[in-house]
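Chemist: Structure incoming, see below.
The values are calculated or read from the model by the stated rules, or taken from the named source; none is laboratory data. Computed from a predicted model, the values in this text were never measured in an experiment. For neighbour counting, all protein chains shown are included, and Cβ atoms are generated from backbone atoms with ideal geometry for every residue, glycine included.
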Amino acid sequence: MKSSDARRGKGRVSRAGRVGCAALGALLLASATRAEIVDVYVFDFAVSVNLPDLPVVDPVIYAGDTIRWVWLDDFHNVVSCAGQAEEWESDVFQAGDTFVYTFTVPGVYQYYCAPHGHDNFDGTYTGMGGQVTVLSVPGPGAWVVVGLCAVATIARRRRNAQAGYGG
């Protein structure tokens with residue numbers, strides 16, 4: 001590389017390019033390690049991501065995430081309905097106990113409390129129970145597009161600033 005090229009920035013990665021690549025790397029790393037634990041409360045013949053006195057809401061998670069059921073009342077359990085891609089069954093627990101299950105296959109999973117509901121053997125339940133929706137994790141390609149857009153935006157703003165156009 002000629003010294004005149006170095007002064008003009010030829011053959012070097014610009015600061016915007018380095019920032020964009022770092023952002024892209026962080027996004028890819030975050031997508032690969034994004035597993036979460038979501039609490040679902042078991043109480044008063046209901047299960048919900050919300051505490052009692054708030055609307056009952058079923059969790060929506062990504063494959064690789066974990067549901068942690070937290071017992072607020074006694075004598076309940078969680079059992080997956082038969083015939084689903086994933087199956088689990090907890091013991092009958094007391095208030096203060098927890099049970100965790102990590103979902104790996106996207107889908108909609110129905111479950112029930114055996115003492116207070118039952119499996120209809122068609123993927124549904126009757127009585128006390130709930131549903132977990134497991135979404136596919138966005139692939140790295142989705143993050144590449146975000147990263148490339150960020151790099152292009154940074155480069156454009158830098159050129160505009162150097163040309164005196166503002167942002």
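Chemist: How many residues does region 89-101 hold that are in contact with an Asp or Glu (Cβ under 7 Å, 6 or more places away or on another chain) and either closer than 15 Å to THR66 by Cα or of a type in the set (Gly, Ala, Ser) (or both)?
Modeler: Within region 89-101, residues that are in contact with an Asp or Glu (Cβ under 7 Å, 6 or more places away or on another chain) and either closer than 15 Å to THR66 by Cα or of a type in the set (Gly, Ala, Ser) (or both) number 1.
Chemist: Can you tell me which residues in region 124-144 are within 25 Å of ALA63 (Cβ to Cβ), at pLDDT 95 or above and over 15 Å from the mean Cα position of the chain (by Cα)?
Modeler: THR124, TYR125, GLY129, GLY130, GLN131
Chemist: So how many residues does region 116-142 have that are loosely packed, with under 13 Cβ neighbours inside 10 Å and either part of a strand (DSSP E or B) or in contact with an Asp or Glu (Cβ under 9 Å, 6 or more places away or on another chain) (or both)?
Modeler: Summing the residues that are loosely packed, with under 13 Cβ neighbours inside 10 Å and either part of a strand (DSSP E or B) or in contact with an Asp or Glu (Cβ under 9 Å, 6 or more places away or on another chain) (or both) in region 116-142 gives 1.
Okay, residues lined up against (1) without any contact (Cβ under 8 Å) to a residue 40 or more places away in the chain; (2) in contact with a Gly (Cβ under 8 Å, 6 or more places away or on another chain); (3) among the basic types (Lys, Arg):
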position	(1), (2), (3)
GLY83	no, yes, no
SER90	yes, no, no
TYR101	yes, no, no
THR104	no, yes, no
ALA114	yes, no, no
HIS118	yes, yes, no
GLN131	no, no, no
SER136	no, no, no
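Chemist: Which of the residues belonging to region 40-61 are surrounded by fewer than 16 Cβ atoms within 10 Å (Cβ to Cβ) and assigned to a strand (DSSP E or B)?
Modeler: Hit for region 40-61 is VAL60, nothing else.
Chemist: Going residue by residue through region 20-41, is there one that turns out to be in contact with a His (Cβ under 8 Å, 6 or more places away or on another chain) and either at pLDDT 95 or above or assigned by TED's automatic domain parsing to the domain that holds GLN110 (or both)?
Modeler: Looking through region 20-41, none of the residues is in contact with a His (Cβ under 8 Å, 6 or more places away or on another chain) and either at pLDDT 95 or above or assigned by TED's automatic domain parsing to the domain that holds GLN110 (or both).
Chemist: What are the residue pairs meeting all of these: first residue in region 56-78, first residue not assigned by TED's automatic domain parsing to the domain that holds THR98, second residue in a strand (DSSP E or B), Cβ atoms under 7 Å, and 6 or more apart or on different chains?
Modeler: none
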